[in-house]
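Input: a single structure, listed below in structure tokens.
The values are calculated or read from the model by the stated rules, or taken from the named source; none is laboratory data. Remember, it's a predicted structure, so these values are computed and weren't measured experimentally. Glycine gets a Cβ as well: all are built from the backbone with ideal geometry, and neighbour counts include every protein chain shown. Just the protein is used for accessible areas: all its heavy atoms, side chains included, with ligands, DNA and RNA removed. Shrake-Rupley method; radii C 1.70, N 1.55, O 1.52, S 1.80 Å.
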Amino acid sequence: MWSRWLVLAAALLFSTGGAAIKSTSLTAWQTAGLRSAVAAVVLYALLPQARRLRDGRAWLVGVAYALTLVFFVQANKLTTSANAIFLQSTAPAYLLVLGPLLLHEKPRRRDLLVAGALACGMALFLTGAERTAATAPDPARGNLWAAASGLTYAFALAGLRWQAHYSGESAAALSTITAGNVLAALFCLPFALPLGGTGAADWAVIGYLGVFQIGLAYWCLTR
């Protein structure tokens, strides 16, 4: 029973990302880079398995995860959080293509049905017209970022399953997540500087995102 509460806590923490990202005045590059920098430090400090970074596979798969982190923040700054979350959640549809190619998996009938529904939903998001708002200034471009995050997330998930063949599943996942956050922070750094005009509220949001929304969430999930 305790483990189920930990999984629920992780899900709740993950789900707060969209609102928190929108609440800061930092740019998308600054938000993504700083969030990942804090998360990498927290994961390294809290989880011994997250420190196994000598495996090149963790860094290879970490590239896909890093892009997912950055693309998701970009999407949240431009479109609604609901759109960003749904479009990133289309990753299983992409996995139906990546699974047979990379993992030699055969898709099941119900997988095809779910993927078809996701593809129809994604098509509506990408072809429909949406009104702009203060929290969604450019929905069309944001939806494209979100769709891209779904594709990179599919590569990350496929990569984690590929890694599991070579090392312990938990260790592989956590080291990849840490590596991905390090790469995301480094990738965003040139676009995030300078940090002028950053207020205490912005730093509080970044601290929350890195420590709780990613760091503590993954601690709960692995526990």
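Quick rundown of the values:
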{"quantity": "Close pairs from the stretch 198-223: first in contact (Cβ under 8 Å) with a residue 60 or more places away in the chain, partner outside any helix (DSSP H, G or I) and open to solvent by 20 Å² or more (accessible area, probe 1.4 Å), Cβ under 7 Å, at least 6 apart", "calculated": "D202/S25; Q213/T16"}
{"quantity": "Filtered residue count, the stretch 80-118, keeping only those that are of a type in the set (S, T, Y) and closer than 19 Å to L209 by Cα", "calculated": "2"}
{"quantity": "Verdict on S175 being polar (S, T, N, Q), modelled with pLDDT under 90 and outside any helix (DSSP H, G or I)", "calculated": "no"}
{"quantity": "Lone unmet requirement of (1) under 14 Å from L67 (Cα atoms); (2) modelled with pLDDT of 90 or more for A200", "calculated": "(1)"}
{"quantity": "Lone qualifier among A37, A19 - being at pLDDT 90 or above and under 21 Å from L189 (Cβ atoms)", "calculated": "A37"}
{"quantity": "Single condition G33 does not satisfy, out of (1) farther than 30 Å from R131 by Cα; (2) surrounded by 18 or more Cβ atoms within 10 Å (Cβ to Cβ)", "calculated": "(1)"}
{"quantity": "Matching residues in the stretch 43-75 - criterion: being farther than 22 Å from W162 by Cβ, of a type in the set (G, A, S) and buried (at least 19 other Cβ atoms within 10 Å of the Cβ)", "calculated": "A75"}
{"quantity": "Residues within the stretch 115-158 that are at pLDDT below 75 and surrounded by 13 or more Cβ atoms within 10 Å (Cβ to Cβ), tallied", "calculated": "8"}
{"quantity": "Single condition W203 does not satisfy, out of (1) open to solvent by less than 50 Å² (accessible area, probe 1.4 Å); (2) more than 18 Å from I85 (Cα to Cα); (3) in a helix (DSSP H, G or I)", "calculated": "(1)"}
{"quantity": "Number of the exception - A40 against (1) buried (at least 22 other Cβ atoms within 10 Å of the Cβ); (2) not in a helix (DSSP H, G or I)", "calculated": "(2)"}
{"quantity": "The listed residue being farther than 18 Å from P139 by Cα and not in a loop (DSSP other than H, G, I, E, B), out of A75, A11", "calculated": "A11"}
{"quantity": "Test: Y65 is touching a residue at least 40 places away in the same chain (Cβ under 8 Å), over 14 Å from S149 (Cα atoms) and in a helix (DSSP H, G or I)", "calculated": "no"}
{"quantity": "The stretch 172-191: number of residues that are open to solvent by 10 Å² or more (accessible area, probe 1.4 Å) and either of a type in the set (G, A, S) or over 15 Å from A32 (Cα atoms) (or both)", "calculated": "2"}
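Here is a yes/no grid of residues against (1) farther than 17 Å from A154 by Cβ; (2) of a type in the set (A, V, I, L, M):
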{"site": "A19", "(1), (2)": "yes, yes"}
{"site": "V42", "(1), (2)": "yes, yes"}
{"site": "L47", "(1), (2)": "yes, yes"}
{"site": "A50", "(1), (2)": "yes, yes"}
{"site": "D55", "(1), (2)": "yes, no"}
{"site": "A66", "(1), (2)": "no, yes"}
{"site": "L112", "(1), (2)": "no, yes"}
{"site": "T127", "(1), (2)": "yes, no"}
{"site": "T135", "(1), (2)": "yes, no"}
